Amino acid sequence: RTRVLTGITTTGTPHLGNFAGAIRPAIQASKDPNVDAFYFMADYHALIKADDAARVAASRMMITGTWLAGGLDPNTATIYRQSDIPEVPELMWLLTCVTAKGLLNRAHAYKAAVDRNVEQQEDPDAGVTAGLYMYPVLMAADILAFNANKVPVGRDQIQHIEMARDIAQRFNHVYGGEYFVLPEVQIEEQVATLPGLDGRKMSKSYDNTIPLFEGGPKALREQIMKIVTDSRAPGEPKDTNDSALFTIFQAFASPAESAAFADALHGGLGWGEAKQVLFERIEAEVAPMRERYDALMARPDDMEDILLAGAAKARAIAVPLLETLREAVGLRSFR
Ligand code: TYM
């Protein structure tokens, strides 16, 4: 059997990038009878980015609702909150002690923060927490605590999975055993990087996101109308290369629908009309999910029950693994 695992950081409202890049392919993967799926709210990771408790609290509920509304079956898949699994931070420490500091110096998120500081002639580590620095080790612990084989993510997470492999290999080497399997990254090429309103990667940190459910069809349409396009007028043929609008369309349509849309754009369809077509295509997929989402969000107690059951299932795997690992590193009983 294949263990597939992925997480979403609970810092905001789920957007189309999270959905197309991670949530939708992960739910699809969970339907394979040979797959054991482990999907979680990365709420410890959220503390690195946000010190806004209310936002983190709301986000972990919204992301739980999104997984379930998207069709994840909690009876077959294991859905849980990272912070309900104490073995994860425990494993993080064991991994921290075999992780080269130099490896973490090369992590994109940390390096980007340092580069920004240097550019602004500040102290390189200004505003950088040890949490941000340790981010890849916490993520390695998420994956390795369950010995996941496959990790479906968007392109921006590839480096983190590679680091998890490095760290796993290092631990196996230091303690002389096959304690960890090496996780493999799984990328949905088509949507590995969904562009946002401005054409850059759709990301909370660029403030260019299109929300999946939040604000209903009205907000969805309003945001879609803000997608940046070139200045070609209706009637002029449009370029579908490097078009954020067309790329987003492709993520929500069949190849045949995309080909027809490309033909229309090449034939001079106006951008305004094209945006309406895009809105209708996405809304057709999102509307039934939004209905389930709203119903779930009105019943937080039910979601709590599902998550606690998920955490119990997850810990049934992590607890015995941690026992083995504690033994391996010399943290043994005296008896
Ligand atoms: P996060 O919360 O930033 O994003 C969640 C998932 O969504 C994908 N994604 C995108 N995919 C395509 N296009 C986009 N514009 C886009 N924006 C986001 C991300 O690649 C990711 O798959 N560190 C992780 C969460 C995490 C995790 C893990 C993932 C914590 N532990 C263990 C896998 C395994 C993160 O911050 O993702």
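Readers should treat all values here as calculations from the given coordinates under stated rules, not as data from a laboratory. Being a predicted model, the structure only gives us computed values, none of them experimental. Cβ: placed from backbone, ideal geometry, glycine included. Neighbour counts: every protein chain shown.
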task: Examine the range 173-187 for a residue that is touching a helix residue (DSSP H, G or I) at 6+ places or on another chain (Cβ under 6 Å), under 29 Å from residue 16 (Cβ atoms) and part of a helix (DSSP H, G or I), and state whether such a residue exists.
output: no
- prompt: How about the range 76-132: which of its residues are surrounded by 14 or more Cβ atoms within 10 Å (Cβ to Cβ) and within 16 Å of residue 170 (Cβ to Cβ)?
  reply: 91, 92, 94, 95, 96, 98, 99, 103, 104, 107
- prompt: Of all residues in the range 118-134 being outside any loop (DSSP other than H, G, I, E, B) and in contact with a helix residue (DSSP H, G or I) (Cβ under 6 Å, 6 or more places away or on another chain), which is farthest from the ligand (Cβ to nearest atom)?
  reply: 133
- prompt: Restricting attention to the range 146-162, which residues are within 22 Å of residue 96 (Cβ to Cβ), more than 9 Å from the ligand (Cβ to nearest atom) and under 18 Å from the mean Cα position of the chain (by Cα)?
  reply: 146, 159, 162
task: Might you let me know whether the range 177-194 holds any residue that is within 12 Å of the ligand (Cβ to nearest atom) and among the small types (Gly, Ala, Ser)?
output: yes
field: From the options 43, 115, 51, 73, residue that is among the acidic types (Asp, Glu) and within 10 Å of the ligand (Cβ to nearest atom)
entry: 43
- prompt: Identify, please: which residue in the range 1-40 is among the polar types (S, T, N, Q) and more than 9 Å from the ligand (Cβ to nearest atom) and is, among those, surrounded by the most Cβ atoms within 10 Å (Cβ to Cβ)?
  reply: 30
- prompt: Of everything in the range 99-117 that's among the polar types (S, T, N, Q) and part of a helix (DSSP H, G or I), which residue is nearest to the chain's Cα centre (by Cα)?
  reply: 105
